[in-house]
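To start, the structure itself, in structure tokens.
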Amino acid sequence: MTHGSGTTVPDEEFWDARYAESDRIWSGNPNVVLVREVADRAPGTALDLGCGEGADAIWLAGQGWRVTAVDVSGVALERAARHAAAAGVADRVDWQRRDLAVAFPEGGFDLVSAQFLHHPGEVFRAGILRAAAAAVAPGGTLLIVGHAGPPPWEQDPEHSAEEFPTPEEVLTALGLSADAWEVQLSEELVREQTGPDGRPVERTDAALKVRRRD
């Protein structure tokens, strides 16, 4: 599997090494669109795909959700479990180490969340997102947020290994029936992110929220 470095390594090795570089890779805060779109909902069951260090799963658990949180990195999951224990929500999160292309969680969920689940092969990502849609229970929601373009510090964005689809392209790739699904959000939004040099930069994200009809 080829990553941005051009080196072929298994996903679990790549991400374990990535997380081992620092005590914390991400901010520790839940993703903004997730909070905005879910805060007023009655809690149920949630599936967090690519949970990383657990900020989204821990926030959902704190809101009363029962969360299945999945990541390919054991290093990230161990860190996430410690954070959940410190937050007092360890009993509300089931942490699972999975390669989503090989073993997708079973069952139906009231919320399936895929936040910045990027991969150099967009076909791979689209397949996982179709599986994510299939995991949404009737009346439930699928929320997908990703980058709408490469980071401004990337030296050669024209030859990036990753693809950055628009919300409309994500929806098309999902192949959902209009009779069975309702589009509730399809937008691009700008947010501030800290770049590698510590300076703030603006990035555009693509957000899609669809509801499975009862």
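The values are calculated or read from the model by the stated rules, or taken from the named source; none is laboratory data. Remember, predicted model here, so these are calculated numbers, not experimental data. Cβ coordinates were reconstructed from backbone atoms using ideal geometry, including for glycine residues, and neighbour counts include every protein chain displayed. The accessibility values were calculated without ligands, DNA or RNA, using every heavy atom of the protein model including side chains. Shrake-Rupley method; radii C 1.70, N 1.55, O 1.52, S 1.80 Å.
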- Residue-level accessible surface for residue 45, protein heavy atoms, 1.4 Å, Å²: 50
- Message: For a test of the definition: using alpha carbon positions, the gyration tensor, and the 1.5 limit on a/c, classify the range 34-136 as rounded, prolate or oblate.
- Response: oblate
- Burial order of peptide ranges 173-182, 88-97, 55-64 (average beta-carbon count within 10 Å, highest first): 55-64, 88-97, 173-182
- Query: Counting only protein heavy atoms, what percent of the accessible surface of the range 38-80 is carbon or sulfur at a 1.4 Å probe?
  - Reply: 47
- Pairwise centroid distance, computed over Cα atoms, of the range 166-214 with the range 27-75, Å: 17
